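Below: one structure, written as C-alpha cells.
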Amino acid sequence: MTPETDLASRWLGGSVVAASDESFGEKENLLTPAPAAFEPGHYGPRGEIVDGWETRRRRSPGHDWVIVRLGAPGVISSVDVDTSFFTGNFPAAVSLEACGCEGYPGPGELAGWEPIVPRSALTGDSHNVFPVTDRRRFTHVRLSAYPDGGIARLRVLGQVVPDPRGLEDLTVDLAGQEYGGAVVASSDDYFTSASHLNRPDRARTMGEGWETRRRRDGGHDHVVFRLAFRGVIRRVVVDTAHFKYNASAEVALCGSAQDPAPPAESPAWQPLLGRTRLQPDTRHEFASQCDHSVSTVRLDAFPDGGLSRVRLIGRIDAAARGAAGYRWFNSLPAAQAAQCLTDAGMDPDLAVGVAARRPLAARRPLAEGWPDGVPGTAAIYQALIAMLEGRLR
C-alpha cells in the first residue's frame, strides 16, 4: 500500500488562497509543515500570538471558512483538523468541501463544491481525523468552522493523482513526490524520515533530509522508492547537502520492474548505479547503468544514512503514461472531465455525455463512451487519444 501524502503540504506548493477572517491568527499558519507550537503570555497588537488560524468572535449569523489549493491534486482519504493549543477558543464543529478545477482559478471562480466531511464536532487541543470516502480527484478544499475560532493545522491526506498531459514529452523525476512517487520502505528513520528524500524542494537544513542512527553492526541502511511512473532512468542525483560530518560514505542503486518491490536478494533487481563514493555536503549526478524500465528502486547507503535528496530522472514508459491518463481522467469530477474534453475540441454536449460514461478503458473503443447517434470525427477521436494516452493512433 502506498503511504499517504499531505496533498496540501506547502512543501508541494499548497497554499491558502482565501479566508473569511484572520483577525487573531493568519490563515497561512494552517499549512506550516512543522507541528504547532505555542508560548503563552506573548502578546501583539491583535492579542495573544497563536500558531494557527484564528478568527474573531462572531457576533452575527454565519460561520467562518478558509479555502486551500492543494499542492498536489489527488484522491483524499482523510483530513486532520489539528486544534493543538486551542482549548477555549476552537470551533464547535467543522465541515469540508472539495472541488476540481482546471488551470489556476481565483477564489471567486471556484465552483462545483462537493461535501467530503459532514458537519462534525471538534475536540480542543487534539488531532481531529475524519475519513473521506469520495474517490474523485480534487484540486481545492474549503474548510468551514462553526461558528468561529482557532485551528492550528490542516492536513489533507491521500494519494497524488498527477495530470499527465504533456509529461510524455518531458524528462522528469520519476520518484518525485509531486507526481506520486513514494518511499515505501526504509531500514531506519531514527533521526529524520526517509520520506524527505523525494520532496520536490531543496533541503534547507540537515533536519530536512534522511538521517539514521550510527551503525555498529557491519550492515548498511536502505530505502525503497515506488516510482510515480514506470520508466527508464537516465540520471541519478544523490544530494548530501548539509550533511557535513555524517553523510553516507557510499551508495548503490538498483531497480526492478516488479511492484511491490521484490526481496533484496531477488535477481529481479538490476543495477542502476554500482557502489559509489560520496562527498559530504555535495550534490552528485551519475549516469544510470540500466536501459530497462523500472517501477521500484532500492538505494543502499553504506554504512548508514545521511542524505538530503534523491532524484531519479528519466522518461515515462508509454504504457505507464497511458495508464496514468485513464486514471487521471476517470477520477475527475464530472464538470472538470467535460471541460477537459471541450478544451480538446469536443462539442460541449458530447463532452458531457462522454464524461458521464466513465470509466473509460484503454482496451475498450473510446467511441463506446459517446452518446448514441452522435458520431465523432476522426480529429476529435485522435485528440481524445492524445489527451488520455499521450500519443496518436
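The values are calculated or read from the model by the stated rules, or taken from the named source; none is laboratory data. In this text, all values refer to a predicted model and were calculated from it rather than measured experimentally. Glycine gets a Cβ as well: all are built from the backbone with ideal geometry, and neighbour counts include every protein chain shown.
At a glance:
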| item | result |
| --- | --- |
| Tally of residues being more than 21 Å from Ala98 (Cβ to Cβ), of a type in the set (Ser, Thr, Tyr) and touching a residue at least 12 places away in the same chain (Cβ under 8 Å) across region 321-352 | 1 |
| Identity of the residue in region 1-50, within 15 Å of Leu157 (Cα to Cα) and without any contact (Cβ under 8 Å) to a residue 40 or more places away in the chain, that ends up surrounded by the most Cβ atoms within 10 Å (Cβ to Cβ) | Pro33 |
| Counted residues, region 116-130 - those being surrounded by 12 or more Cβ atoms within 10 Å (Cβ to Cβ) and in a strand (DSSP E or B) | 8 |
| Flag for Val132 being over 30 Å from Leu388 (Cβ atoms) and either out of contact with any strand residue (DSSP E or B) (no Cβ under 8 Å at 6 or more places or on another chain) or of a type in the set (Val, Ile, Thr) (or both) | no |
| Failed criterion for Leu312 (all others in (1) touching a Gly at 6+ places or on another chain (Cβ under 9 Å); (2) closer than 27 Å to Arg391 by Cα; (3) in a loop (DSSP other than H, G, I, E, B) hold) | (3) |
| Members of region 75-108 found to be surrounded by fewer than 19 Cβ atoms within 10 Å (Cβ to Cβ) and aromatic (Phe, Trp, Tyr), listed by number | Tyr104 |
| Meets criteria (surrounded by fewer than 21 Cβ atoms within 10 Å (Cβ to Cβ), more than 21 Å from the chain's Cα centre (by Cα) and more than 17 Å from Gly150 (Cβ to Cβ)) for Ala111 | yes |
| Residue among Phe225, Phe229 that alone is under 15 Å from Leu299 (Cβ atoms) and buried (at least 20 other Cβ atoms within 10 Å of the Cβ) | Phe225 |
| Matching option when the condition is of a type in the set (Val, Ile, Thr), in a strand (DSSP E or B) and more than 23 Å from the chain's Cα centre (by Cα), among Val238, Val232, Val251 | Val251 |
| Criterion violated by Gly176 - all others in (1) in the same structural domain as Leu30 (by TED's automatic domain parsing); (2) over 19 Å from Gly25 (Cβ atoms); (3) out of contact with any helix residue (DSSP H, G or I) (no Cβ under 7 Å at 6 or more places or on another chain); (4) in contact (Cβ under 8 Å) with a residue 24 or more places away in the chain satisfied | (1) |
| Any chance Leu253 is surrounded by 14 or more Cβ atoms within 10 Å (Cβ to Cβ), assigned by TED's automatic domain parsing to the domain that holds Leu174 and farther than 20 Å from Thr171 by Cα | no |
| Residue within region 138-146 that is over 21 Å from the mean Cα position of the chain (by Cα), polar (S, T, N, Q) and closer than 24 Å to Pro61 by Cα present | yes |
| Residue selected from region 51-71 under the condition surrounded by fewer than 21 Cβ atoms within 10 Å (Cβ to Cβ) and over 30 Å from Val160 (Cβ atoms), by the criterion modelled with the highest pLDDT | His63 |
| Condition met for Ala334 (at pLDDT 95 or above, aliphatic (A, V, I, L, M) and over 26 Å from the mean Cα position of the chain (by Cα)) | no |
| Matching residues in region 205-219 - criterion: being in contact (Cβ under 8 Å) with a residue 12 or more places away in the chain, of a type outside the set (Gly, Ala, Ser) and farther than 16 Å from Arg298 by Cα | Thr205, Met206, Glu208, Glu211, Thr212, Arg213, Arg214, Arg215 |
